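Right, one structure below, let's go through it.
No value in this document is a laboratory result; all are computed from the given coordinates. Small disclaimer: the values here were computed from a predicted structure and weren't measured. A quick note on method: Cβ atoms are made from the backbone with ideal geometry, for glycine too, and the neighbour counts reach across all protein chains shown.
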Amino acid sequence: MAPHVLVADDDAWILRMVATVLEKRGYNVETAVDGEDALARALARPPDLLITDVMMPKLDGWSLVRQLRSHAELAMMPVIFLTALSSEDDRIRGFRLGADDYVTKPFRFEELDLRVAKTLRRTAQSVQETREQLGGSSLRGDLSQVGLSSLLVLIEMERKTGLLTLRASDMPTAQVLVREGKVVHARLDTADEPVDAECVYYLLTWGAGEFEFITCLVEGVDRVGASTTHLLMEGARLIDESRDPNRGNQAVATIPALESQNEEL
């Protein structure tokens, strides 16, 4: 079956041209005219790949991807940002959200075609390799290749029990305990806070680093008390609200304070 690609852009000409090029290559293409339209379409029919503009009405590309990543069935969906924003900060922000590629406008449609094929191939290979390694007693990888949201979903699907360790440059090492696929405790090695669910929300802001999962016995009470889907959805909500200048909730304010440390990544 041909891959299902969802393309979101408020520029009708670009939307039509991208769809035409990909359809000629045999892809099953669905289009959305803004972020809200794309969100509804992706939830109704999860795509194999999302190509999205960043600056769109109703819901921008950043928020769109965060909301989609919060759903377990879409956590491993590859994303290509298609945008006129070309600064290094924008690129870093895109990859921190788990983007697989970042194409700046104007672009050659032939180049986009090649990047789509490469992204689909690379994503399928990374997910398959991670799934196969989870069948063993240990697993190591790069968060830029398999994001934490995807990793937690795979661990849940495989109902694994053990210790997940996350490391990033100039950041404290994080320890996440999972039992039967569910996060039961999370903490940082050199800080008292955040812990448990709040620690997971913080770690979801990491866009780079290394992870290692080791199968081991995990005892003790469940200190998180939430499903993986809930953690991903709440994490996405907090990150979105942390970017709202009118926020007043102290709990929400913890995310930008921690996220600012990631500027060094």
Diffing region 207-224: the Karplus 3J(HN,Hα) column from phi (6.51, -1.76, 1.60, θ = phi - 60°), in whole Hz with x for Gly and Pro, holds x, 8, x, 10, 10, 9, 10, 10, 6, 7, 6, 10, 10, x, 6, 7, 8, 9
Whole-Hz ³J(HN,Hα) from phi, Karplus 6.51 cos²θ - 1.76 cosθ + 1.60, for region 23-35, glycine and proline x: 5, 5, 8, x, 7, 8, 10, 10, 10, 9, 8, 7, x
Cα to Cα, under 29 Å, and not fewer than 8 places away if on the same chain: which lysines meet these conditions relative to LYS182? LYS160
Straight-line reach from LYS118: which lysines have Cα under 24 Å away, leaving out those fewer than 8 places along the same chain? LYS24, LYS105
For region 150-216, what log10 I(q)/I(0) values come out of the Debye formula at q = 0.12 1/Å, with one point per alpha carbon and no solvent? -0.26
Sorted peptide list for 158-164, 76-82, 180-186, criterion being average Cβ within 10 angstrom, highest first: 76-82, 180-186, 158-164
When the Karplus curve 6.51 cos²θ - 1.76 cosθ + 1.60 is applied with θ = phi - 60°, which whole-Hz ³J(HN,Hα) does each residue of region 43-54 get, with x for Gly and Pro? 6, 6, 9, x, x, 7, 7, 10, 10, 9, 6, 8
Using a 10 Å cut-off on Cβ atoms, rank the peptides 54-64, 201-211, 24-34 from the highest mean neighbour count down. 201-211, 54-64, 24-34
Which distance in Å, rounded to a whole number, links the C-alpha centroids of region 207-235 and region 142-192? 5 Å
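Over the Cα atoms of region 4-124, Rg to Rh with Kirkwood Rh, two decimal places? Present the calculation step by step, with values, prior to reporting the outcome.
On the way: Rg = 12.7 Å, Rh = 14.0 Å.
Reported Rg/Rh, Kirkwood definition of Rh: 0.91.
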